[in-house]
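To keep things clear, I will list the structure first and then write my remarks on it.
Just so it is clear, none of the values below were taken in a lab; they were calculated from the coordinates. Predicted, not measured: the structure shown is a model, and the values here were computed from it. As a convention, Cβ positions derive from the backbone with ideal geometry for all residues, glycine included, and neighbour counts pool all protein chains shown.
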């Protein structure tokens, strides 16, 4: 079995006893989703937006909880220590874990105004670096987009999922 972020998250969820999360704690919620719901709640409590993005990107249930309607067709997912496009992750899974299917993206966080978090993402080719992640972006390979979140009383809510248009050649 290929080792990836999803595998690691599922293993962590299986090894941890995760407390049920509110009304979603029934038999139909997978251990993986319970793990991600717990991680999202922890990031919300600590005010750590980058830590919140990881479970938000990796769990539809978390997106349903915090995403409003803008969470449909979420563009990115984290595998290992890198974000990839959701479309490439689906190809990866469908093709037996072939890493050549993955399209890595660069993520940039910003806070354009009080109570607003923005995540800009762009697919690209990367030069491997030291440590975790895809490395240094050397070429953009697609248009990318931006995600906008607004601070709520207890967390963040996705308010915008903007896809940039491809450039005319």
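Taking a ≥ b ≥ c as the square roots of the Cα gyration tensor eigenvalues, with a/c under 1.5 meaning rounded and otherwise prolate when a/b beats b/c, else oblate, which class fits segment 34-169? Note, shape of segment 34-169 comes out prolate.
The slack in the chain from residue 113 to residue 138, taken as 0.36 nm per residue of separation less the alpha-carbon distance, amounts to 6.1 nm.
Sorting 120-130, 56-66 by average packing, meaning the other beta carbons within 10 Å per residue, from highest down gives 56-66, 120-130.
The Rg/Rh ratio of segment 114-169, with both radii computed over alpha carbons and Rh defined as the Kirkwood radius, is 1.11. Grouping the Cα pair distances of segment 55-103 into 5 Å bins from zero gives a pair-distance distribution of 5, 23, 27, 21, 15, 7, 2 percent in increasing distance order. Listing 76, 138, 162 from fewest to most neighbouring C-beta atoms within 10 Å gives 138, 162, 76. Maximal additional length on extending the residue 73-residue 91 stretch stands at 5.0 nm, based on 0.36 nm per residue less the C-alpha distance.
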